[in-house]
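Peer 1: To start, I am sharing the structure in question, which I have written as structure tokens.
Derivation of every value follows stated rules applied to the coordinates shown; laboratory data play no part. As the structure is a computational prediction, the values presented were derived from the model and not from experiment. Cβ coordinates were reconstructed from backbone atoms using ideal geometry, including for glycine residues, and neighbour counts include every protein chain displayed.
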Amino acid sequence: MRISFLDPGRWLGAHLGLVLLFLYLPIAVLIVLSFNDSGLPTTWTGFSTRWYEAVLTDDKILGSAVNTIIIGAISTIIATAIGTLLALGLERLTNNALLDGLVFVPGIIPDIVLAIALLSFYNLVFTGMLGLKLGLWSVIVAHVVFNITFVTAIVRTRLRHFDISIEEASLDLGANEITTFRRITLPIILPGVIAAALVAFTLSVDEFVVAFFTAGTTITFPIQVYSMIRFGGTPEINAIATVVVFVSFVLILASQRLNREQV
Amino acid sequence: MEPQRELIRIEGVTKRFGHIVAVDEVNATIRENEFFALLGPSGCGKTTLMRLLAGFETPDAGRLLLDGRDLVGVRPYRRPLNMMFQSYALFPHMTVYDNIAYGLRQERVGRGEIERRVADALALVQLTGFGRRRPHQLSGGERQRVALARALVKRPKVLLLDEPLAALDRKLRVEMQLELKRLQDTVGITFLIVTHDQEEALVMADRIAVMDRGRILQVATPDELYEAPNSRFVASFIGESNIFTGRLSIAGDAATLVGERATWSVAPGAPGRAGLVDGASAAIVVRPERLHVARLESALPVDHPTMDAGALNRVDGVVRDVVYLGSTRKYVVELSDGSRALSRVQVGQRGDDLTPGTRVSTTWAIKHGVLVPDA
């Protein structure tokens, strides 16, 4: 049987396989090592879950994880509420490219720039004028800033397919604006809103640079991990990283699924 | 039929969007129990006028009275009108039952009564047993009927229908035209329909308002619109017409229209004459079935209703095209002045056998020529 050397299907298939390998080989190595009893990247001495146990009994790691979950949950709720309303407003009221750009910028400028900007702002207003200390709250506000951008963008994709006359029909049938939002608009865009919230939570949990600059003395999970590897990689890091990969993967998958589903 | 009571009065209503005047000082009245159509090309303001009535737009000037009460400033959910949307606007996350019950639940109607009224509404649109389905499981025609039931179940004083049949295929559309008419008789509610389809308006409506560029040009029954259009726009928008233009020349009782190459007689009592002065630009409208075509050899069609040549306008021409339309046949005639005219003949009548190239005389009875201003 002759195989066409130029068959684009074969080439693209091979390309896909290589890219996936490139993307996931390091992660696969990490996951394998997290179960390595020896804790050394060079010698495999058998399967073990001891590094996971070590993580679960480390108060510093657990404490930082709790901080990160608090920051993630609160900043997600706030950013989702604000971002959803912002998306509705932008989609319904304006057709202004400049405004769209302005809303999107905080999400795409380098983290380091956003981090420095926030830190300067906090120092000037909150610590300077109000005498507040940086901590959980300042990381939450910082994460709300960039997450509003992502929530707005995701909810807007959902709204683009939204037939505005559905809301008018609700008003026409005797429901006021609040009932219409509660019974019609929100349920219809809810999958998009949840998808946006999942992305926001994932971004917040993984976020390092902005948190590092704005957390004051508070330790978040990524900051904790960073401080651990500064003094040489410990095998616990592999276990932590594996858990983070798994959680991120599940959240992103769920978000994609929700946003694809059209009613 | 007893004279119907006035239900809606539109008084000097104007609506602008930026520099565009969508509705321009419109006046109209709609009677109780009437099937009223707003007819016009897209962008003529008919949908805006309907949305003003529904409360989705606020007029810049004028009043909208329903039963003598001004609706301006009343929120849409407090108006006793319901609308059926062009896209149907069914709630995608609710069943058919919940869609129809939605409006009743807003009124805090009791559970038992909701069940009964939703069942009645489903029966009315012949969808009994569809209550548990979701909109995406329905065909276009079924969705349309759910939208209808959802609006009617509220027992509004007026049902507004925005291009209700536009999304259906032709066969279903024709069925639904008669169905809507039947439904309106059954429920005894005033129907106000917006459409760009003249056939739809002619079939269903008791009265039609023809709109163009934000204004209502004529409000009349379908017969009147067809037989006595008051403007060139109405004449060419409703059905097919032949339009002969010129300047009006009035000499006592007699009037003629002086065109570039010919002069036509105008009927003495022509309704359009009152508003026109000597020398005004005007046009005579002749419907294709009123335009008779005969081979030139026989100067007059033998079966022409009036044999008196003086009562006819005549122009010669050549048949250029024959269009078969089943029971009728349409001739496209090139007249001696180079313009084209349409004539429609019943198959089986005299003169149904002309072929392209035949030299013919085309004639119409003077009384069948409708005089309109040529704006």
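Peer 1: Which of B:F17, B:F130, B:F35 ends up with the largest GNM mean-square fluctuation for chain B, with Cα atoms connected below 10 Å?
Peer 2: With Cα springs under 10 Å in chain B, the top fluctuation among B:F17, B:F130, B:F35 is at B:F17.
Peer 1: Then there's this: What is the Cα radius of gyration of segment A:1-97 over 2.2 N^0.38 Å, N being its residue count? Write down the numbers at each step before the final one.
Peer 2: On the way: Rg = 24.1 Å, N = 97, 2.2 N^0.38 = 12.5 Å.
So segment A:1-97 has a normalised radius of gyration of 1.92.
Peer 1: Output the relative contact order of chain B, whole-number percent, from Cα pairs under 8 angstrom with separation of 6+ residues.
Peer 2: On the way: 775 pairs, mean separation 56.4, N = 375.
Contact order relative to length: 15 percent.
Peer 1: Amide H neighbours of B:Q218 under 5 Å, counting only residues 5+ apart in sequence or on other chains, H built in-plane at 1.01 Å?
Peer 2: B:V210
Peer 1: Hull surface divided by four, with the convex hull built on the Cα atoms of segment B:96-171: how many nm²?
Peer 2: On the way: hull surface 21.6 nm².
Convex hull of Cα atoms, orientation-averaged projection: 5.4 nm².
Peer 1: What are the extents of the Cα atoms of segment B:1-104 along their three principal axes, in Å, largest first?
Peer 2: Projected onto the principal axes, the Cα atoms of segment B:1-104 cover 43, 42, 28 Å.
Peer 1: Take the alpha carbon atoms of segment A:95-152, find their radius of gyration, then divide it by 2.2 N^0.38 Å using N residues; give the quotient. Intermediate results must be reported in sequence, preceding the final value.
Peer 2: Working: Rg = 13.1 Å, N = 58, 2.2 N^0.38 = 10.3 Å.
Rounded to two decimals, the normalised Rg is 1.27.
Peer 1: Only four residue types carry charge here, +1 at the Cβ of Lys and Arg and -1 at the Cβ of Asp and Glu. Report the dipole size of the protein assembly as shown about the Cα centre in Debye, rounded to the nearest 20. Don't skip to the end; give the middle numbers.
Peer 2: On the way: 64 positive and 63 negative charges, 137 e Å.
With only Lys, Arg, Asp and Glu charged at Cβ, the dipole is about 660 debye.
Peer 1: Restricted to Cα positions, what overall size does chain B have along the principal axes? Three whole-Å values, descending.
Peer 2: If we take the Cα atoms of chain B, the spans are 78, 45, 42 Å.
Peer 1: Using the Kirkwood radius built from alpha carbon pairs, what does the Stokes-Einstein equation give as D for segment A:52-116 at 10 °C and 1.306 mPa s, in µm² per second?
Peer 2: Values: Rh = 14.9 Å.
Translational D for this selection: 106 µm²/s.
Peer 1: Taking loop as defined by DSSP and a crowding limit of 10 other beta carbons within 10 Å, which GluC sites (Glu not before Pro) in segment A:182-263 fit?
Peer 2: Numbers: sites: A:E207, A:E236, A:E261; in loops: A:E207, A:E261.
For GluC sites (Glu not before Pro) across segment A:182-263 that sit outside H, G, I, E and B with at most 10 neighbouring Cβ atoms in 10 Å, the list reads A:E261.
Peer 1: Roughly what percent of Cα-Cα pairs across segment A:39-193 reach past 22 Å?
Peer 2: Details: 7223 of 11935 pairs.
The answer is 61 percent, as a whole percent.
Peer 1: Using Cα pairs under 8 angstrom and six or more residues apart, how large is the relative contact order of segment B:99-246, in percent? List each step's numbers first, then the result.
Peer 2: Numbers: 142 pairs, mean separation 23.0, N = 148.
Relative CO of segment B:99-246 lands at 16 percent.
Peer 1: Using helices alone, I'd like the mean residue ellipticity at 222 nm for chain B: each DSSP H run of four-plus residues gives -39500 (n - 2.57), total over residue count, nearest 500.
Peer 2: Working: 8 runs with 84 residues, N = 375.
Estimated from H runs of four or more residues: -6500 deg cm²/dmol.
Peer 1: Note down the nm distance, to one decimal, between modelled labels 7 Å out along Cα→Cβ at A:T179 and at B:D67.
Peer 2: Each label point is offset 7 Å from its Cα along the Cβ direction, giving 1.9 nm.
Peer 1: Next question. If you take the square roots of the eigenvalues of the alpha-carbon gyration tensor of the protein assembly as shown and sort them as a ≥ b ≥ c, do you get rounded (a/c under 1.5), prolate (a/b over b/c) or oblate?
Peer 2: On the way: a/c = 2.88, a/b = 2.39, b/c = 1.20.
Since a/c reaches 1.5 and a/b is larger than b/c, the shape of the protein assembly as shown is classed as prolate.
Peer 1: Whole number please: convex hull volume per residue of the Cα set in chain A, in Å³? Don't skip to the end; give the middle numbers.
Peer 2: Numbers: hull volume 58.2 nm³, N = 263.
Taking only Cα atoms, chain A has a hull volume of 221 Å³ per residue.
Peer 1: Provide the gained length on full extension for the span B:I20 to B:D60, in nm with one decimal, where the gain is 0.36 nm per separating residue minus the Cα-Cα distance. Before the final figure, lay out the partial values.
Peer 2: On the way: separation 40, 0.36 × 40 = 14.40 nm, distance 1.23 nm.
Going from the current span to full extension adds 13.2 nm.
Peer 1: Continuing with this model, one more query. Given axes a ≥ b ≥ c from the Cα gyration tensor, I'd like to know whether segment A:34-87 is rounded (a/c under 1.5), prolate (a/b larger than b/c) or oblate. It would help to have the intermediate numbers written out before the result.
Peer 2: Details: a/c = 5.51, a/b = 2.77, b/c = 1.99.
Taking the square roots of the gyration eigenvalues as a ≥ b ≥ c, segment A:34-87 is prolate.
Peer 1: Just how many % of Cα pairs in segment B:34-82 lie over 16 Å apart, if you round to the nearest whole percent?
Peer 2: Details: 493 of 1176 pairs.
Tail of P(r) above 16 Å: 42 percent of Cα pairs.
Peer 1: Then there's this: Just the number, please: Stokes-Einstein D of segment A:179-263 in µm²/s, Kirkwood Rh from C-alpha pairs, 25 °C, 0.890 mPa s. List each step's numbers first, then the result.
Peer 2: Numbers: Rh = 15.2 Å.
So the translational diffusion coefficient is about 162 µm²/s.
Peer 1: Please rank B:M83, B:M94, A:M129, B:M204, fewest neighbouring Cβ atoms within 10 Å first, as an exposure proxy. Write out the running numbers ahead of the final one.
Peer 2: On the way: B:M83 30, B:M94 18, A:M129 9, B:M204 25.
Neighbour counts put them in this order, fewest first: A:M129, B:M94, B:M204, B:M83.
Peer 1: Can you give the Kirkwood hydrodynamic radius for segment A:117-263, in Å, rounded to one decimal and based on Cα pairs? Don't jump to the answer; show the numbers that get you there.
Peer 2: Numbers: mean 1/r = 0.0550 Å⁻¹.
When all Cα pairs of segment A:117-263 are included, the Kirkwood radius is 18.2 Å.
Peer 1: How many nm separate the modelled label positions at A:T42 and B:S249, each set 7 Å beyond the Cα in the direction of the Cβ?
Peer 2: Simple spin-label model gives 11.6 nm for this pair.
Peer 1: Going by C-beta contacts inside 10 Å, put B:T14, A:T42, B:T47 in order with the fewest on the left. Please report the intermediate quantities before stating the final value.
Peer 2: Details: B:T14 16, A:T42 7, B:T47 21.
Listed from fewest to most nearby Cβ atoms, that is A:T42, B:T14, B:T47.
Peer 1: Kindly give the semi-axes, whole Å and largest first, of the ellipsoid equivalent to segment B:139-247, taking each as the square root of 5 times a Cα gyration tensor eigenvalue. Could the numbers behind the result be given before it?
Peer 2: Numbers: eigenvalues 173, 46, 27 Å².
Values for segment B:139-247, descending: 29, 15, 12 Å.
Peer 1: Shifting gears a bit: Rounded to the nearest 0.05, what FRET efficiency is calculated for A:L18 and A:V250 with R0 set to 25 Å and r the Cβ-Cβ distance?
Peer 2: Numbers: r = 26 Å, r/R0 = 1.03.
For R0 = 25 Å, the calculated efficiency reads 0.45.
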